[in-house]
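Just so you know, all these numbers are worked out from the coordinates, no wet-lab data involved. Bear in mind that the values here come from a model prediction, so they are computed numbers and not experimental data. Here the Cβ positions follow ideal geometry from the backbone for every residue, glycine too, while neighbour counts run over all protein chains shown.
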Amino acid sequence: MEKKNLPARGKGGRPTKTDTADYRFSVNFTAGEYARFLTMFETSGLQSKAAFIKARVFNDTFRVIKTDKGTLEYVAKLTQFHAQFRAVGTNYNQVVKELHTHFSEKKALALLYKLEKITAELAAIGQQIIALSEDFRQRW
C-alpha cells in the first residue's frame, strides 16, 4: 500500500490570540468597599467583574439596566387579560349564532338582551383598562 499525502495537522485546540492580556493586577477591598463594588457591578449589567473593572479604569461607558418587577408583572397580566378578552369575543360570536339557530326569535332576543347588558359591562371594563394603560405609559 502506498502512503497517501495527508494535510499537515497543526496543534489542536483554541486558536491563539493576537493581542494577549499578559499584565494582571490585584486589588484589595474592605467589606464596605466590596459591598459598594458589588452593587455597582450588578447595576452595570456586565457579565464579568474583570470587564467591569476594566471599563471603570478606562472610563468606558456602559449601560445600566434596571428592571421594575411591578412593571413586568403589570405587562404580563395585561397580556394575559388581552388573550382572555379575545377568547370572550370569539365565544360571544359563537353564542349569538347558536341562539339564533336553536331558539325562537322571541327567546333569542330576550337572551341577547341579557348578553348585551353583560357586554356593555365588559366594554366599560375594557375602557378602564385602556385608561390605566395610558396612565401607565405617561408615567414611564
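Assorted remarks:
- Extended-chain gain in nm, criterion 0.36 nm per residue less alpha-carbon gap, ALA120 and SER26: 27.0 nm
- Principal-axis tilt of helix 31-44 within the chain, Cα atoms, nearest 10 degrees: 60 degrees
- FRET efficiency, GLU134 to SER104 (Cβ-Cβ, R0 41 Å, nearest 0.05): 0.40
- Rg then Dmax, both in Å and based on the Cα atoms of the chain: 32.3, 98.
- The angle between the Cα long axis of helix 69-102 and the longest principal axis of the Cα atoms of the chain comes to about 30 degrees, rounded to the nearest 10.
- Two-site FRET efficiency, TYR34 against PHE58, from Cβ-Cβ distance with R₀ of 25 Å, rounded to 0.05: 0.70
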